[in-house]
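Notes for the one structure printed next.
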Amino acid sequence: MATHTIHLKNSKTYTCEENTSLLQAALDSGIALEYSCLNARCSSCRVKILEGEVENLQDEQVLTAEEKAAGYVLSCNVVPRSEVVLDVEDLAVTLPKPQVTPCKINSITAIAPHIVEVVLRLPPKVDFQFLAGQYIDIIRNGHKRSYSINHSQCEGNELKLFIRNYEGGLFSQYWFNEAKTNDLLRMEGPLGTFFYRNNPACEEIVLLATGTGIAPIKAILNQWQQQPEQVKGKKIWLLWGGRKKEDLFWQPETTLTNFTYIPVLTREDQWQGAKGYVQEIALQQPIHWQKAQVYACGSKLMIQSAQKLLTQQGLKEENFFSDAFV
């Protein structure tokens, strides 16, 4: 099996076998690169190839023709065919190493007509560390589904998830009709690189969420509540969108100063609040986009639209972080 050297912009290197994705080899080498879905359906792991040859593992419909022509690929979906130079730096953080572990359902609580909060209990001997904003995969009958952790620390060896009932969803039938307390499941995690990056040059932080995309945002807010010095002097905006009032199933409670919460609905007639899409309502706020960071989680359409609209307003591309629910 041929092995190739992969070079990053900040002079770091790692090796990658010809049947391993650039992303997986980086993570295996302790080098953190941006990623989210791991199956070529979002664009979190988009990187530019400066030199070298790579090959796609599977067809991807995510990148535009312009991006491909400019040399962009999805690092989770390409394997090297030569030495490769990437136009990217690593995240300069040590990601907690993912592990596969059994877990049991502690409780399932309906918190809205189509939403439950599931609390999972890990074995006492499992030391599960994660960064606020990361997700786990639940493994059942050979299938996996991803769920963001909605809090910032593993207290009492419990993990809490918000889960939506999707019509025809692979796991929805289980969660909403079959699951019961003490069911034994397997999970893998933590996964993803959706977490807070402290950038002293950014004076405002804008959190955008739709639906259960509020879960990792809630976790990040939870982290700031416990460590307010991380965001001292910064203005924080939270815009959370749904169709109807019942979609806003959680109420942010925070003592953070300079915090503004704007709930946004699209299909509620008796609603006096903001109406429309979160990214468009964000544009109406007095936010200095050139000095802002954006963390967007939820529907892929919202994320794509937000990235386009906000960068047009002066948001720096490297200050847009997303986790698309695909």
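Applying the criterion of being open to solvent by less than 80 Å² (accessible area, probe 1.4 Å) and of a type in the set (Val, Ile, Thr) to the residues of the stretch 88-99, the residue that is modelled with the lowest pLDDT is VAL93. Basic (Lys, Arg), free of Cβ contacts under 8 Å to residues at least 12 places away in the same chain and either more than 21 Å from ILE220 (Cα to Cα) or touching a Pro at 6+ places or on another chain (Cβ under 9 Å) (or both) - does that describe any residue in the stretch 121-130? Scanning the stretch 121-130 turns up at least one residue that is basic (Lys, Arg), free of Cβ contacts under 8 Å to residues at least 12 places away in the same chain and either more than 21 Å from ILE220 (Cα to Cα) or touching a Pro at 6+ places or on another chain (Cβ under 9 Å) (or both). Selection within the stretch 223-242: residues that are under 12 Å from ASN198 (Cβ atoms) and part of a helix (DSSP H, G or I). The member of this set that is nearest to the chain's Cα centre (by Cα) is GLN223. The number of residues in the stretch 19-54 that are in a strand (DSSP E or B), hydrophobic (A, V, I, L, M, F, W, C) and either open to solvent by 60 Å² or more (accessible area, probe 1.4 Å) or in contact with a His (Cβ under 7 Å, 6 or more places away or on another chain) (or both) comes to 1.
For the stretch 163-190, filtered to residues that are in contact with a strand residue (DSSP E or B) (Cβ under 6 Å, 6 or more places away or on another chain) and closer than 30 Å to ILE281 by Cβ, the residue that is least open to solvent (accessible area, probe 1.4 Å) is ILE163. Does the stretch 130-138 contain any residue that is under 28 Å from CYS16 (Cβ atoms), open to solvent by 50 Å² or more (accessible area, probe 1.4 Å) and among the small types (Gly, Ala, Ser)? No, there is no match, as no residue in the stretch 130-138 is under 28 Å from CYS16 (Cβ atoms), open to solvent by 50 Å² or more (accessible area, probe 1.4 Å) and among the small types (Gly, Ala, Ser). Residue count for the stretch 55-87 under the criterion of being outside any strand (DSSP E or B), within 11 Å of LEU23 (Cβ to Cβ) and either touching a helix residue (DSSP H, G or I) at 6+ places or on another chain (Cβ under 6 Å) or open to solvent by 20 Å² or more (accessible area, probe 1.4 Å) (or both): the result is 3. Taken over the stretch 282-300, the criterion of being surrounded by fewer than 19 Cβ atoms within 10 Å (Cβ to Cβ) and modelled with pLDDT of 95 or more is satisfied by LEU283, GLN284, GLN285, PRO286, HIS288, GLN290, LYS291.
Quick grid of which residues meet (1) assigned by the TED database to the domain that holds GLN284; (2) crowded, with 16+ Cβ neighbours inside 10 Å; (3) modelled with pLDDT under 95; (4) of a type in the set (A, V, I, L, M, F, W, C):
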{"position": "LEU208", "(1), (2), (3), (4)": "yes, yes, no, yes"}
{"position": "ALA215", "(1), (2), (3), (4)": "yes, yes, no, yes"}
{"position": "ALA219", "(1), (2), (3), (4)": "yes, yes, no, yes"}
{"position": "GLU229", "(1), (2), (3), (4)": "yes, no, no, no"}
{"position": "LYS235", "(1), (2), (3), (4)": "yes, yes, no, no"}
{"position": "TRP240", "(1), (2), (3), (4)": "yes, yes, no, yes"}
{"position": "TRP250", "(1), (2), (3), (4)": "yes, yes, no, yes"}
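Scanning the stretch 88-104 for residues that are assigned to a strand (DSSP E or B) and either in contact with a Phe, Trp or Tyr (Cβ under 8 Å, 6 or more places away or on another chain) or closer than 22 Å to ARG197 by Cα (or both) yields a total of 2. Taking the stretch 269-326 as the search range and keeping residues that are of a type in the set (Lys, Arg) and in contact (Cβ under 8 Å) with a residue 40 or more places away in the chain, which one is farthest from ALA215 (Cα to Cα)? Residue satisfying both the conditions and the ranking: LYS291. Of all residues in the stretch 191-222, those satisfying the criterion of being more than 28 Å from GLY30 (Cα to Cα) and assigned to a helix (DSSP H, G or I) are GLY211, THR212, ILE214. Tallying residues that are open to solvent by 30 Å² or more (accessible area, probe 1.4 Å) and either closer than 15 Å to TYR196 by Cβ or without any contact (Cβ under 8 Å) to a residue 40 or more places away in the chain (or both) within the stretch 146-156 yields 4.
The values are calculated or read from the model by the stated rules, or taken from the named source; none is laboratory data. Quantities reported herein were computed from a predicted structural model and do not represent experimental measurements. Methodologically, a virtual Cβ is constructed for each residue, glycine included, from the backbone with ideal geometry; neighbour enumeration extends over all protein chains shown. Side chains are part of the model used for accessible areas, which takes the heavy atoms of the whole protein and leaves out ligands, DNA and RNA. Shrake-Rupley method; radii C 1.70, N 1.55, O 1.52, S 1.80 Å.
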